[in-house]
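Okay, so here's the structure we're looking at.
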2 protein chains.
Amino acid sequence: MTFDLIIQNVSRYISLTREEEGFFISMLQSGHAGKKTFLLQEGEVCRYTYFVMSGCLRGYSNDKNGVEHTLIFAPRDWWISDIYSAVTQKPGMLNIEAIEDTELLMLSNENRELLFTRLPKFERFFRILVEKSLVNMQQRILDNMSLTAEERYQSFCTRYPGLADKLTSKQIASYIGVTPEFYSKMRARLAKKS
Amino acid sequence: MTFDLIIQNVSRYISLTREEEGFFISMLQSGHAGKKTFLLQEGEVCRYTYFVMSGCLRGYSNDKNGVEHTLIFAPRDWWISDIYSAVTQKPGMLNIEAIEDTELLMLSNENRELLFTRLPKFERFFRILVEKSLVNMQQRILDNMSLTAEERYQSFCTRYPGLADKLTSKQIASYIGVTPEFYSKMRARLAKKS
DNA sequence: GAAACTTCATAACCTAGATTAAGAAATGAT
DNA sequence: ATCATTTCTTAATCTAGGTTATGAAGTTTC
């Protein structure tokens with residue numbers, strides 16, 4: 001088990017001494033999620049922040065009609081959690097599912113707080129991480145309000161290069177915000193064009 | 001000029017000694033924005049984080065067809081900035097406009113960094129602030145994908161109680177993501193119902 | 001390897017909301 | 001006060017995307 005990937009990830013925004021790296025790593029647990037298994041389900045309290053070492057996760061929620069809406073994909077080198085639930089410690093609405101066999105590192109809520117106390121620079125790290133995420137979500141709101149389904153698909157392909165191949169049509173449709181039927185129609189149209 | 005409001009606001013997530021309060025306050029500038037004036041315009045680099053003492057601001061951006069889309073309203077006791085621009089120091093797409101005469105406190109990017117260095121607990125404060133904001137934006141993405149325009153209007157009324165009265169139809173429409181014409185039709189329908 | 005399920009594609013029809021247009025009401029400038 | 005500009009309403013028409021339905025093609029399960 002090597003921690004290079006996560007150390008590199010963290011080092012993008014803060015710098016760590018050897019000791020600090022060691023302490024940070026001691027706060028992590030490693031985990032595995034087989035394809036189609038869940039790390040978190042609707043109604044549960046989110047106890048971990050997950051970091052993806054390999055594979056890919058998907059965070060989505062079901063609306064009142066049972067339709068899935070994907071909020072985020074987390075391929076290698078991404079962080080994911082149900083922030084609402086993690087922050088409030090209340091049951092959330094998010095499902096986090098493995099799209100393929102996934103290796104992870106897990107930071108429990110308690111260890112996250114410990115980390116903040118011992119190494120306050122991690123407050124900075126997570127602040128910056130959340131800021132980036134917020135910028136993405138704001139852009140997505142604007143995209144949803146101003147782009148066509150076809151343009152949102154392009155936008156998805158740019159944000160997650162190569163991911164489209166690993167996903168089912170339904171999953172992609174649930175991210176760009178259309179029905180699978182319409183997505184299928186759209187693909188046929190796109191194929192004809194080129 | 002009293003700083004009670006902002007101190008109370010900050011104290012929701014971190015606690016400050018008298019000295020720390022003093023230092024924090026010394027980092028702030030006060031400002032004013034007359035109705036319909038801009039604190040920030042598309043293409044500019046965002047140099048401040050704003051805190052609203054009274055009045056109300058609106059953050060929106062124009063899409064490629066010149067249509068306005070409102071990302072956020074900031075009434076009394078709210079924070080607002082163009083995070084994308086503030087973080088990257090690149091020109092942003094956000095316009096921040098005063099909906100009515102507005103009194104503000106302004107924290108410059110430089111002073112924000114100073115504050116982080118001198119009082120690292122402010123990293124925590126802004127982390128939590130941004131987390132809350134992220135939770136809201138995620139909910140809004142789900143709302144946009146699963147609710148009807150009418151339901152999004154209800155949702156807006158709940159999130160910003162009493163604000164509807166201060167806004168033009170166009171501004172509300174640009175938040176819930178419909179044209180002013182459709183919003184007008186919708187209101188007529190709602191009025192008939194009750 | 002057949003039964004059972006889920007996914008995908010295609011097509012006919014439907015609807016929420018967009019577009020266009022045009023008059024009425026409000027707001028602002030002189 | 002008056003003219004100009006923007007905002008709001010209503011209505012007719014249009015369209016992106018939804019719904020329903022059906023069959024074909026993969027997957028899972030035993």
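The strands (runs of 3 or more DSSP E) located wholly in the range B:1-104 that include 3 or more residues which are within 23 Å of B:ASN136 (Cβ to Cβ) occupy B:48-62, B:68-75. Each residue in the range A:127-157 was checked for being open to solvent by 20 Å² or more (accessible area, probe 1.4 Å) and of a type in the set (Phe, Trp, Tyr), and 1 of them qualify. Scanning the range A:39-67 for residues that are within 15 Å of DNA strand C (Cβ to nearest atom), under 21 Å from A:LYS90 (Cα atoms) and either of a type in the set (Val, Ile, Thr) or in contact (Cβ under 8 Å) with a residue 60 or more places away in the chain (or both) returns A:ARG58, A:TYR60.
Being out of contact with any helix residue (DSSP H, G or I) (no Cβ under 9 Å at 6 or more places or on another chain) and either within 11 Å of chain B (Cβ to nearest Cβ) or closer than 13 Å to A:CYS46 by Cβ (or both) is not true of A:MET93. Check whether at least one residue in the range B:26-38 is on the phi < 0 side of the Ramachandran plot, open to solvent by less than 10 Å² (accessible area, probe 1.4 Å) and in contact with a helix residue (DSSP H, G or I) (Cβ under 8 Å, 6 or more places away or on another chain), and report yes or no. No, because not a single residue in the range B:26-38 is on the phi < 0 side of the Ramachandran plot, open to solvent by less than 10 Å² (accessible area, probe 1.4 Å) and in contact with a helix residue (DSSP H, G or I) (Cβ under 8 Å, 6 or more places away or on another chain). If you go through the range B:136-166 and keep only what is within 12 Å of DNA strand C (Cβ to nearest atom), more than 14 Å from every other protein chain (Cβ to nearest Cβ) and out of contact with any Cys (no Cβ under 8 Å at 6 or more places or on another chain), you end up with B:GLU150, B:TYR153, B:ASP165. Give all pairs with beta carbons closer than 9 Å in which a residue from the range A:146-157 that is free of Cβ contacts under 8 Å to residues at least 60 places away in the same chain and assigned to a helix (DSSP H, G or I) meets a residue that is open to solvent by 40 Å² or more (accessible area, probe 1.4 Å) and near DNA strand D (Cβ under 8 Å from one of its atoms); count only pairs at least 6 apart in sequence or on separate chains. Final answer for the pair search is A:ALA149/A:PHE182; A:GLN154/A:LEU147; A:SER155/A:LEU147.
The values are calculated or read from the model by the stated rules, or taken from the named source; none is laboratory data. Fair warning: this is a prediction, and the values are worked out from it, not measured in the lab. Using ideal geometry, Cβ is built from the backbone for each residue, glycine included, and neighbour counts are taken over all protein chains shown. These area figures cover heavy atoms from the full protein model, side chains too; ligands, DNA and RNA do not enter into them. Shrake-Rupley method; radii C 1.70, N 1.55, O 1.52, S 1.80 Å.
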